[in-house]
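Worksheet: one structure, shown below.
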Amino acid sequence: MRTSFLPALCVGLFLLMHNVCLGQAQQAEDCINSLLKQDKVAGLSVAVVKKGKIIYTHSFGLKNIEANTPLTDNDLFRIASISKSFSATAIMQLVKAKKLSLDDDVSKWLGFKVSHPQFPGIAITVRMLLSHRSGITDSQGYFTLDVINPGKNPEWAKCYADYKPGTGYKYCNLNFNLAGAIIEKVSGERFDNYIRQHITNPLGLYGGFCVDSLDNSRFATLYEYDTGSGRFVPSPEAYAPRREQIANYTLGYSTPVFSPAGGMKITAADLARYMTMHVNYGRYKGKRIISKKSAKLMQASIDGNYGYGLALTAHDSLINGKILIGHTGSAYGLSSAMFFEPKEKFGIVAIYSGYYAEEPGGMRRLFTCLYEHLIRKK
């Protein structure tokens, strides 16, 4: 959001109370508007961090196409898989408190056996869940823990890949719904309440995993693009409240109701504040959320290469010459990205409420645009 002053030199001009030249902001917006003409976009919110501080936020397009409502920086999005990092952050807090270990067998906490049928002697650990190296797959679904519970699903063995746990990588949402259940078992708190009390509230953020805990007038409608009609179609399930399931909730088992794998609702600006905590290795505005050691562990690839760590992954194709750490999200038509460079202390959050492009690389073009005009320039 920009001031109403006329474009001038950077001296004395501020955006969001930080040193960003109004001319730079206009150049970034001109660049973004040019990109938006190339692709199909319902709405877009961005936030930029430089030197460990938010320097810029802005929203483009519509919050609701049918009502022709403009999207604002105050609007909330279901950010999809970026949510996984909130679950991992919670686990790291509990590890630091010595309430569990990353190398615990997950069966210890879940109340039923989670074991690969071909390798029953190999423990599946919390660390394996957070790094997608458990050997578990989403082949039976992930909206309920029944799918992997031998006492509930006769086909439970189909939840596993054909390799030994800990030896291969397979992206899997069920891993994080299991991790969410472990958070409840260890803490004694319902998953959404734990995240609010121990992460979002201490950081001063507005957001959460429970739809009914939030102002639903602030939800940005998510849209899937129908190539046949050439129109965006609303995805109402994105914000389904799941009230009946919550009313009959079993702590440590019903957890997928809140989707630890993808259910966080938050603004781009508040997601950038959360990201800044990770940029600063666990600390934000004098408050430590996780230890520096835990933050670095989350950011480090398990195999030592530029791969997946603990709910954060390295990406080298968003900005030329930069290896960024973060996560993407994609669900209900939404496309989101949260990536940062911890040594240089910059980062970018971008959330499309609906997006379609015939040519790949749209997020790369957007990140490059923001980096070149708002971060690289002095």
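The values are calculated or read from the model by the stated rules, or taken from the named source; none is laboratory data. What you see is a predicted model, and the numbers here were worked out from it, not measured in a lab. Backbone-built Cβ (ideal geometry, glycine too); neighbour counts: all protein chains shown.
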- Query: Under the condition of being hydroxyl-bearing (Ser, Thr, Tyr) and not in a helix (DSSP H, G or I), which residue from region 23-69 is nearest to the chain's Cα centre (by Cα)?
  - Reply: 45
- Message: Please pick out the residue among 11, 41 that is at pLDDT 55 or above and more than 15 Å from residue 268 (Cα to Cα).
- Response: 41
- Message: Pull out all pairs, ordered by first then second residue, where Cβ-Cβ is under 7 Å, the residues are six or more apart or on different chains, the first lies in region 231-245 and is more than 10 Å from residue 257 (Cβ to Cβ) and at pLDDT 95 or above, and the second is among the polar types (S, T, N, Q) and in a helix (DSSP H, G or I).
- Response: 239/216
- Query: Among the candidates 143, 176, which residue alone is closer than 15 Å to residue 255 by Cβ and part of a loop (DSSP other than H, G, I, E, B)?
  - Reply: 143
- Message: Could you check region 308-327 and list, in sequence order, the residues that are surrounded by fewer than 17 Cβ atoms within 10 Å (Cβ to Cβ) and of a type in the set (Gly, Ala, Ser)?
- Response: 317, 321
- Residues of region 310-350 being within 14 Å of the chain's Cα centre (by Cα) and either of a type in the set (Ser, Thr, Tyr) or assigned to a loop (DSSP other than H, G, I, E, B) (or both), in sequence order, are 310, 311, 312, 313, 328, 330, 335, 336
- Query: Does region 179-236 hold any residues that are part of a loop (DSSP other than H, G, I, E, B) and buried (at least 24 other Cβ atoms within 10 Å of the Cβ), and which are they?
  - Reply: 209, 220, 221, 222
- Message: Considering only residues that are farther than 20 Å from residue 288 by Cα and without any contact (Cβ under 8 Å) to a residue 24 or more places away in the chain, which ones fall in region 190-214?
- Response: 213
- Task: Being surrounded by 20 or more Cβ atoms within 10 Å (Cβ to Cβ) and in a helix (DSSP H, G or I) narrows it down to one of 365, 273, so name that one.
- Result: 273
- Task: State which residue pairs qualify: first residue assigned to a helix (DSSP H, G or I) and inside region 281-301, second residue of a type in the set (Phe, Trp, Tyr) in any location, beta carbons under 7 Å apart, and separation of 6 or more residues or different chains.
- Result: 292/281; 295/281; 296/281
- Query: In this structure, is residue 122 among the hydrophobic types (A, V, I, L, M, F, W, C) and either surrounded by 24 or more Cβ atoms within 10 Å (Cβ to Cβ) or part of a strand (DSSP E or B) (or both)?
  - Reply: no
- Inside region 284-307, can you point out the residues that are surrounded by fewer than 18 Cβ atoms within 10 Å (Cβ to Cβ) and among the aromatic types (Phe, Trp, Tyr)? 306
- Query: Take the residues of region 339-378 that are in contact (Cβ under 8 Å) with a residue 60 or more places away in the chain and hydroxyl-bearing (Ser, Thr, Tyr): which is farthest from residue 20 (Cα to Cα)?
  - Reply: 356
- Message: Within region 26-42, does at least one residue satisfy the condition of being touching a residue at least 24 places away in the same chain (Cβ under 8 Å), crowded, with 23+ Cβ neighbours inside 10 Å, in contact with a Phe, Trp or Tyr (Cβ under 8 Å, 6 or more places away or on another chain) and β-branched (Val, Ile, Thr)?
- Response: yes
- Item | Single residue of region 146-171 satisfying the filter (outside any loop (DSSP other than H, G, I, E, B) and in contact with a Gly (Cβ under 6 Å, 6 or more places away or on another chain)) that is surrounded by the most Cβ atoms within 10 Å (Cβ to Cβ) | 160
- Message: Against the condition under 15 Å from residue 190 (Cα atoms), of a type in the set (D, E, K, R) and loosely packed, with under 13 Cβ neighbours inside 10 Å, how does residue 243 come out, does it pass?
- Response: yes
- Query: For residue 98, all conditions in the list (1) of a type outside the set (S, T, N, Q); (2) surrounded by fewer than 18 Cβ atoms within 10 Å (Cβ to Cβ); (3) under 23 Å from residue 272 (Cα atoms) hold save one; what is the number of the exception?
  - Reply: (3)
